[in-house]
Amino acid sequence: MLHQLDYSLQGAVKTQEGGTHPDRDAQFRRISRRVRAFMKLGQPVISVDEKKKELIGEFAQRGREWHLTGDPEEVNVHDFPDAAESKAVPYGVYDLRANVGWVAVGCDHDAAFAVTTIRHWWDQIGQAQYPQAPAC
């Protein structure tokens, strides 16, 4: 009956955006000026972002993998977080000057992990890429 009335199952579509603060553009212009100034000096400019957390364990994931025909990977029927061994928390570090990304994965999402991620990026990549930059 719903099909006859031109109804269908549909997912939500993100189209509505909340209001903006009057100084929003000003803060981004300021950040942009600072980024350009640091880049001009040859200093590193990075963006750090926490990515979507993933449950660790036998849980279904989007996408597909190659398996022998008729032998798919078996996973839990339900994705209850309390059944997870832990959560993987990826943090991304994007180097704007080098146009290169780097990801660290941990099981914590607090500020200390974000700082540790930046430290690892600096030790593994940043220091060699920017030898003229002062040590953190």
Going toward the positive end of the dipole of the chain, with +1 on Lys and Arg Cβ and -1 on Asp and Glu Cβ, which of Pro131, Val115, Trp66 do you reach last?
Pro131
Which of [x] 7.8; [y] 9.2; [z] 15.7 is the computed mean projected area of the Cα convex hull in nm²? It is [z]
Using per-residue counts of other Cβ atoms within 10 Å, averaged over each peptide, order 25-32, 110-117 from highest down.
110-117, 25-32
Relative to the chain, whose Cα atoms define the longest principal axis, helix 24-40 and its Cα axis are tilted in degrees, nearest 10, by 60 degrees
Pairs of alpha-carbon atoms within less than 8 angstrom and 6+ residues apart define the contacts here; what relative contact order does the chain have, in percent?
24 percent
For the stretch 1-76, just list the percent of Cα-Cα distances falling in each 10 Å bin from zero outward, please.
11, 16, 21, 23, 18, 9, 1
Long-range lysine pairs (8 or more apart or interchain), the chain, Cα under 19 Å
4
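Values quoted throughout were computed directly from the atomic coordinates according to the rules given, and no laboratory measurement underlies them. In this text the structure is predicted, and so the values were computed from the model without any measurement. Because the Cβ atoms are built from the backbone with ideal geometry, glycine has one as well, and the counts that use them run over all protein chains shown.
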